[in-house]
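Working notes, structure below.
The values are calculated or read from the model by the stated rules, or taken from the named source; none is laboratory data. As the structure is a prediction and not an experimental result, all values here were calculated from the model. Note that each Cβ is placed from the backbone with ideal geometry, even for glycine, and that neighbours are counted across all protein chains shown. With ligands, DNA and RNA removed, areas are computed over all heavy atoms of the protein, side chains included. Shrake-Rupley method; radii C 1.70, N 1.55, O 1.52, S 1.80 Å.
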Amino acid sequence: LLAVPPAWAAPWMTLTSTSIKDGERIPMKFGGKDDTRLCDPRVPGKICPCPGQNVSPQLAWQGAPKNTKSFAILMYDIDGRFGAGVSHWVAYNIAATATELPEGAGTAGKGFTGGAGTRGNATYLGPCPPEGAGPHHYTLTLIALDLAPTLPKGLSREAFLDKVKGHMLSSATIGGLFARHY
């Protein structure tokens, strides 16, 4: 009798990945490979390539509320810019019928409308903390929305969150650590 959930108890929305294990190190493959990032933002002009391949991770979800009309995914580095944070990926207008973004879809810009990350990127931008920095903490958050997938392209994380205020039904988050060297 105790194993039966009450009628009012809704299932939790969950987010999983075959690419990233929640709370663990993010594999190098999913790190950035952009060679235009500064080694240390305090040293102007010094360039260090990132060691990753900039492949977006596979993400899958279940348990979305019944009145979900679209999904969004936000990837955020809470340690970036000396604690001010860096938005790595803003993806929205994901179809309500979707239950997964395959590996590489975020890099290719498939299955979503691209917002604008901190660096102006409309697609996935893999982790790449400054040279010499310790591991940074990255979160990937899936948001179920009661909005049709018609938001305009190019919204920053902050503009997106402002537009969907009052329309978020549920969310689920996974996270991991990334450093240039393990």
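General remarks:
- The chain - accessible surface per residue (Å², probe 1.4 Å): 52 Å²
- The stretch 90-182 shape via C-alpha gyration tensor axes, a/c threshold 1.5: prolate
- Within straight-line cross-link reach of residue 29, aspartates and glutamates at Cα separation under 15 Å, skipping those fewer than 8 residues along the same chain: 103
- Only protein atoms count toward the accessible area here, which uses a 1.4 Å probe; on the stretch 79-139, the carbon and sulfur part of that area reaches 54 percent.
- Pair residue 153, residue 14: separation of 7 Å Cα→Cβ label points (nm): 3.5 nm
- Sequence-distant contacts, meaning Cα pairs under 8 Å at least 6 residues apart, place the relative contact order of the chain at 27 percent.
- Unit Cα scatterers, Debye sum, the stretch 133-182: log10 I(q)/I(0) for q = 0.17, 0.22, 0.23, 0.24 Å⁻¹: -0.67, -0.87, -0.91, -0.95
- Prolate/oblate/rounded call for the chain, Cα gyration tensor, a/c under 1.5 rounded: prolate
- Taken about its Cα centre, the chain carries a charge dipole of roughly 240 debye when the Cβ of each Lys and Arg holds +1 and the Cβ of each Asp and Glu holds -1.
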